[in-house]
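The values are calculated or read from the model by the stated rules, or taken from the named source; none is laboratory data. Since we're looking at a predicted model, the values are computed, not measured. Positions of Cβ are generated from backbone atoms using ideal geometry, with glycine treated the same way; all protein chains shown enter the neighbour counts. Keep in mind that these areas ignore ligands, DNA and RNA; they rest on the heavy atoms of the full protein, side chains included. Shrake-Rupley method; radii C 1.70, N 1.55, O 1.52, S 1.80 Å.
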Amino acid sequence: MIFATLKEVLDRARAGKYAVGAFNINDMEIAKAIGGAAKEERSPVILAVSPSAIKYAGIEYIYEIARVTADNSGVPTVLHLDHGTSFDDCIQCIRYGWSSVMFDGSKLPFEENVKQTADIVRIAHAAGVSVEAELGKLAGVEGHVSVEEKDAIFTNPGEAKLFVDRTGVDALAVAIGTSHGAYKFKGEANLDFPRLENIEKLVNMPIVLHGASGVPKDVLDKAAKYGAKLPGAAGVPNDAIKTAISLGVAKINIDTDIRLAMTAAIRQVLAEKPEEFDPRKIFGPAEDAMKAVAKGKMQLFGSSGRA
Ligand SMILES: [Zn+2]
């Protein structure tokens, strides 16, 4: 197989007490930036492709871009479906050569999530493909939240144990207070570490954190300086990321940080050089900016030097 499986990469990360970044790719520039960062950092890497990225790029393009990225970087590279929401999403990617799929049944009732996830695991594993699933609702939480509110939206440790036993998944995405997108938080995310610790002890497998953006300040400042409208600073502080990794998080999804780095760099070129219309001179600096952010994440996650 050209791509490493999620299971082999995450099992190694868990044993080594570090996490591997799953970076969403949508086009060549993003993929080159992530692959270049992984190569320079000698870090394993997960290329995450969402169903909407497949729709945007076309499955043939995005697959080939990922394949060349893995070839050129020379590090263990997982090609992962991010947030597949249907059986068909997952099967399409398994047939096409993905080495990992996420089935996100977190909006389904528990029993239905178990049933659909287990069906996909059976097929994926027969094809040598790993499966990530999700339990709990990824809602952002600001300030003080009552125990009852947390229990209603966050991942329940007992349910997580039942879920992994009955589905056979390779990694579990949990809800412990992170949130998708840049602007759900006015301040910093408040993570439920005791819950994470509990879940990890019970499920005994790599844990996945979605919605764990922490956009570097220089990127936020640049975006704002060149006209981006940012409704709020975002994210999970670096210290919280480190604590989460020490408690068993082995995969961290990164999308917002890269989007902001890319568009801030494009805004800068267009603002400072209004005469510029060569796309290569506009996308080139964007690629460099994305690569710098990706390298910073690999260092933060401890995956640098692990390939
Ligand atoms: Zn996600």
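Taken together, the residues in the range 1-34 that are farther than 20 Å from M205 by Cβ and under 15 Å from the mean Cα position of the chain (by Cα) amount to 7. Residues considered: A152, A118. Of these, the only one that is open to solvent by 10 Å² or more (accessible area, probe 1.4 Å), modelled with pLDDT under 95, small (G, A, S) and more than 18 Å from the chain's Cα centre (by Cα) is A152.
This table checks each residue for (1) at pLDDT below 95; (2) within 22 Å of K17 (Cα to Cα); (3) of a type in the set (S, T, Y).
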| residue | (1), (2), (3) |
| --- | --- |
| G227 | yes, no, no |
| A233 | yes, no, no |
| V236 | yes, yes, no |
| K242 | no, yes, no |
| D255 | yes, no, no |
| M262 | no, no, no |
| K273 | no, no, no |
| P279 | no, no, no |
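Looking across the range 234-266, the residues that are under 23 Å from M205 (Cα atoms), open to solvent by less than 30 Å² (accessible area, probe 1.4 Å) and of a type in the set (G, A, S) come down to A240, A244, G248, A250. All but one of (1) open to solvent by less than 10 Å² (accessible area, probe 1.4 Å); (2) away from the ligand (no atom under 16 Å from the Cβ) hold for I94, so report the exception by its number. It fails just one condition, (1). Of all residues in the range 58-76, exactly one satisfies the criterion of being among the small types (G, A, S), over 12 Å from A31 (Cα atoms) and open to solvent by less than 40 Å² (accessible area, probe 1.4 Å), namely G58. Of all the numbered requirements in (1) within 16 Å of the ligand (Cβ to nearest atom); (2) over 30 Å from L230 (Cβ atoms); (3) modelled with pLDDT under 95, Y183 misses one, and that requirement is (2). Applying the set (1) within 16 Å of the ligand (Cβ to nearest atom); (2) surrounded by fewer than 16 Cβ atoms within 10 Å (Cβ to Cβ) to D104 leaves exactly one unmet item: (2).
Is there a residue being more than 18 Å from the chain's Cα centre (by Cα), at pLDDT 95 or above and hydroxyl-bearing (S, T, Y) anywhere in the range 65-73? For the range 65-73, residues more than 18 Å from the chain's Cα centre (by Cα), at pLDDT 95 or above and hydroxyl-bearing (S, T, Y): present. Taken together, the criteria exclude G235 from residues that are at positive phi and away from the ligand (no atom under 16 Å from the Cβ). Please verify whether the range 189-204 includes one or more residues that are within 15 Å of the ligand (Cβ to nearest atom), modelled with pLDDT of 85 or more, under 20 Å from G21 (Cα atoms) and hydrophobic (A, V, I, L, M, F, W, C). Checking the range 189-204: not a single residue is within 15 Å of the ligand (Cβ to nearest atom), modelled with pLDDT of 85 or more, under 20 Å from G21 (Cα atoms) and hydrophobic (A, V, I, L, M, F, W, C). Please state which one of K295, K251, K281, K242 is of a type in the set (D, E, K, R), over 25 Å from I176 (Cβ atoms) and in contact (Cβ under 8 Å) with a residue 40 or more places away in the chain. Only one candidate passes the filter, namely K295.
One line per residue, one yes/no per condition, for (1) touching a residue at least 40 places away in the same chain (Cβ under 8 Å); (2) within 15 Å of the ligand (Cβ to nearest atom); (3) in contact with a Leu (Cβ under 7 Å, 6 or more places away or on another chain); (4) of a type outside the set (A, V, I, L, M, F, W, C):
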{"site": "R14", "(1), (2), (3), (4)": "yes, no, no, yes"}
{"site": "N24", "(1), (2), (3), (4)": "yes, yes, no, yes"}
{"site": "A37", "(1), (2), (3), (4)": "yes, no, no, no"}
{"site": "Y56", "(1), (2), (3), (4)": "no, no, no, yes"}
{"site": "I65", "(1), (2), (3), (4)": "yes, no, no, no"}
{"site": "V75", "(1), (2), (3), (4)": "yes, no, no, no"}
{"site": "L79", "(1), (2), (3), (4)": "yes, no, yes, no"}
{"site": "D82", "(1), (2), (3), (4)": "yes, yes, no, yes"}
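Of all residues in the range 195-228, those satisfying the criterion of being on the phi > 0 side of the Ramachandran plot and surrounded by fewer than 22 Cβ atoms within 10 Å (Cβ to Cβ) are N204, G227. Does any residue of the range 222-234 turn out to be among the hydroxyl-bearing types (S, T, Y) and part of a loop (DSSP other than H, G, I, E, B)? So far as the range 222-234 goes, yes, one or more of its residues are among the hydroxyl-bearing types (S, T, Y) and part of a loop (DSSP other than H, G, I, E, B). One residue stands out in the range 160-175 among those that are in a loop (DSSP other than H, G, I, E, B) and surrounded by 22 or more Cβ atoms within 10 Å (Cβ to Cβ): the one that is nearest to the ligand (Cβ to nearest atom), namely A175.
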